[in-house]
């Protein structure tokens, strides 16, 4: 979008603001993002003291915490987390895309606001409470799941349901936005020219909404990798996410350096996915709509 | 404690997180008390897992800034010099929420009219330790568990107790004084105690398990018959298993932890849930057929469900104790001693036991007529023959915590 800059000497229409106006934003960014990240990195390269007397953290540049993460135990946990999060993301796409499509295409514009509101409303309640509600719903001894003869609480199925439920709005909203923005006359045109609905979808709708689809997917996948409450509640503590291990390091073992190292490695792994996204988004900008 | 279920809000979260969220519980409780007097108990108070992570971020850094040089000097020089000093006019108590009867504070004020008493709360032992190590909290009385005393004492953060100011110390049962974690009661006196036992649905399980070894043996046999549960958290699963196996739960030897993991791994798939916060309510509803539990909860579960048998195990098991201590830099040490002495009064200890539901170490309290219902309950008044076999988990070094945590992750990662 910003690729075509005004040629020098030519008069631009963009308003000019002094650079210092960006300082609140910069301050916010430094204080709430860069500074905590710096603390995390500092901890990750520190080491835990050998005794409870005196300072609990010995600062320095020790790489032992980072290398300890590459123990098969933790690698397995990270791998398992990525796998479950990928499964949860796929399931979210499978549920969320049709929902977003329906909202954009088949809901009358008068009702769209209400439907959007219905998607957003769960956000007004604590995530924890909503997850707890699922515990009640899925309880095989309870009224609802019991009635249907379902007994999946404390299994991976319950964890998956919790993941899809918890992150659905995060996926639906960006996808809905890109479907809503789309020029549907293109699809009508394709159909007029003899394309089957499926082909029109594949050749037009899907490519045009890919940025929204990608950002929705990432928006869901990344927090799922850091998920902690859902496996604890719906998996009965028997499904180990890397978030639960990090929590254990901070609270159980009081080992902040190792907990930070685990967080850092997880962040690096997830950053790979973000880079993939940025690259594909840039390509989209170059060649796409 | 008579009606433990009424109005309690119980959410599932790991044991370690629970206390961190007590601050929320307090807020909720305060609001609730204004409307209908709802009460959240200490062990059950909200463990809001997700928020716990936020809380974590909030407390980051405080532990590392501990400066401990000054404390050591203060504690050694202050000892034994308090007798004869005048009582100060203030007392600040730093305690778990809902862990002290307000009537007790009123009673203390009546006896010491010149002292203004204030209580403020922490939500976890971590928070307490961090605050005390950082200094400057002006706390006069704190309530650390047995596993904090060594850490705080070693670093010189605790005031040596002046026994001359504690005549009521003589009331305590000998088995609850001079404990391993604080020989000679240099820094602490026991406030109240408990143990980790188990319970089972006797209409499902026909055996009569009485030891931890039998508990573990029954897991594979009955896991298909219903939900089995152990207390989420590093200490009570790894430490508990090591105690059951007759090992030292505070071992610094990797091989001991490997043994514990090897013992637990085949059992992992038979432990259906790891839960320390909602297990109690679920058990009262009969949803758990075999589970590990804290003594106070087991008492309530058995009371609420007639099909459940509670067990204070024979042979090795875990026990814990919360203690009254005075920080080394307490601004009002004389008043603090007066407080400790007041709490060791038999009648005061009885009202405290009624309020918290946890057994007191006060020998004279147990002889009072009002203590009958506690005396007759073997799940609370555990006979000394059993209690002698119960061990403290002290976690004396970071190495122990790390070995235990790693063993726990290995166990948790097992399907």
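The values are calculated or read from the model by the stated rules, or taken from the named source; none is laboratory data. Treat the numbers as computed from the prediction; the structure is a model and nothing was measured. With ideal geometry, Cβ positions are generated from the backbone for all residues, glycine too; neighbour counts draw on all protein chains shown.
Just wondering, is there one or more residues in region A:211-224 that are within 14 Å of chain B (Cβ to nearest Cβ), surrounded by 23 or more Cβ atoms within 10 Å (Cβ to Cβ) and in contact with a helix residue (DSSP H, G or I) (Cβ under 8 Å, 6 or more places away or on another chain)?
Yes, the conditions are met somewhere in region A:211-224.
Restricting attention to region A:56-74, which residues are more than 16 Å from residue A:250 (Cα to Cα) and within 11 Å of chain B (Cβ to nearest Cβ)?
Listed by number, the residues that qualify are A:59, A:71, A:72, A:73.
Taking the condition of being closer than 17 Å to residue B:257 by Cα, in a loop (DSSP other than H, G, I, E, B) and in contact with a strand residue (DSSP E or B) (Cβ under 9 Å, 6 or more places away or on another chain), how many residues in region B:381-406 meet it?
Matching residues across region B:381-406 total 1.
Regarding region A:244-253, can at least one residue be identified that is assigned to a loop (DSSP other than H, G, I, E, B) and either crowded, with 21+ Cβ neighbours inside 10 Å or touching a helix residue (DSSP H, G or I) at 6+ places or on another chain (Cβ under 7 Å) (or both)?
yes
If we scan region A:16-37, do we find a residue that is closer than 30 Å to residue B:147 by Cβ, outside any loop (DSSP other than H, G, I, E, B), modelled with pLDDT of 95 or more and within 25 Å of the chain's Cα centre (by Cα)?
Checking region A:16-37: at least one residue is closer than 30 Å to residue B:147 by Cβ, outside any loop (DSSP other than H, G, I, E, B), modelled with pLDDT of 95 or more and within 25 Å of the chain's Cα centre (by Cα).
Kindly indicate which of A:124, A:134 is surrounded by 13 or more Cβ atoms within 10 Å (Cβ to Cβ) and either within 14 Å of chain B (Cβ to nearest Cβ) or modelled with pLDDT under 95 (or both).
Matching residue, one of A:124, A:134: A:134.
Which members of region A:137-156 meet the condition of being within 11 Å of chain B (Cβ to nearest Cβ) and assigned to a helix (DSSP H, G or I)?
A:156
Within region B:227-279, restricting attention to residues that are touching a strand residue (DSSP E or B) at 6+ places or on another chain (Cβ under 7 Å) and closer than 19 Å to residue B:390 by Cβ, which residue is farthest from the other protein chains (Cβ to nearest Cβ)?
B:243
Please count how many residues of region B:119-142 are over 22 Å from the mean Cα position of the chain (by Cα) and outside any loop (DSSP other than H, G, I, E, B).
Adding up the residues that qualify gives 1.
Of the residues in region B:327-368, how many are surrounded by 20 or more Cβ atoms within 10 Å (Cβ to Cβ) and part of a loop (DSSP other than H, G, I, E, B)?
So the answer is 11.
Scan region B:267-293 for residues that are surrounded by fewer than 24 Cβ atoms within 10 Å (Cβ to Cβ) and in contact (Cβ under 8 Å) with a residue 24 or more places away in the chain and report the count.
Residues flagged as surrounded by fewer than 24 Cβ atoms within 10 Å (Cβ to Cβ) and in contact (Cβ under 8 Å) with a residue 24 or more places away in the chain within region B:267-293 amount to 11.
Out of the residues in region A:225-257 that are in contact (Cβ under 8 Å) with a residue 24 or more places away in the chain and in contact with a strand residue (DSSP E or B) (Cβ under 7 Å, 6 or more places away or on another chain), which is farthest from the other protein chains (Cβ to nearest Cβ)?
Filtering first and then ranking leaves A:257.
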